[in-house]
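First the structure, in the form of structure tokens, and then the observations on it.
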Amino acid sequence: MLAEKRKLWSDRWLQKGLELGLKKGLEQGLKKGLEHGCQNAARRMLKRLIVRKYGAVPDWAQARIDQAGIDQVEAWVDAIFDADTVEDLLGVAPGHD
């Protein structure tokens with residue numbers, strides 16, 4: 001009887017631990033997913049603004065935008081109103097120093 005109670009408690013603690021771990025994992029996954037979604041949305045918006053202002057997005061600019069973090073992308077979105085060219089906005093294209 002004591003052994004049965006120990007097993008029951010052990011099983012309950014294991015179940016609680018699994019539930020807590022799953023909940024925490026889901027929360028972390030959701031947070032990462034939202035961050036990733038916001039970052040992708042900001043990149044898409046910047047590319048749309050570049051197309052509207054300068055024309056097609058050059059391959060080097062596409063790569064630079066795709067590598068940038070959200071803070072950098074937001075800074076470029078703000079700066080697009082003052083930049084005369086894509087190079088002014090994102091920096092000099094590779095090989096054109």
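Read the figures in this text as sums done on the coordinates, not as results from a lab. Worth saying up front: this structure is predicted, and the values here are computed from it rather than measured. When we count neighbours, we look across all protein chains shown, and the Cβ atoms used for this are built from the backbone with ideal geometry, even at glycine.
Taking the inverse of the mean 1/r over every pair of distinct Cα atoms in the chain gives a Kirkwood hydrodynamic radius of 16.9 Å.
Contact order for the stretch 7-97, expressed relative to its length and based on alpha carbon pairs under 8 Å spaced 6+ residues apart, stands at 25 percent.
Run the dipole for the chain about the Cα centre, Lys and Arg Cβ at +1, Asp and Glu Cβ at -1, nothing else charged, and hand back the magnitude in debye, nearest 20.
Computed charge dipole of the chain: roughly 1060 debye.
Using θ = phi - 60° in the Karplus curve 6.51 cos²θ - 1.76 cosθ + 1.60, the 3J(HN,Hα) couplings for the stretch 35-48 round to 4, 5, x, 5, 5, 5, 5, 5, 5, 4, 5, 4, 4, 5 Hz; x is entered for Gly and Pro. Classified by the C-alpha gyration tensor, the stretch 35-85 has a prolate form. Its axis ratio a/c, with a ≥ b ≥ c, is 1.5 or above, and a/b is larger than b/c.
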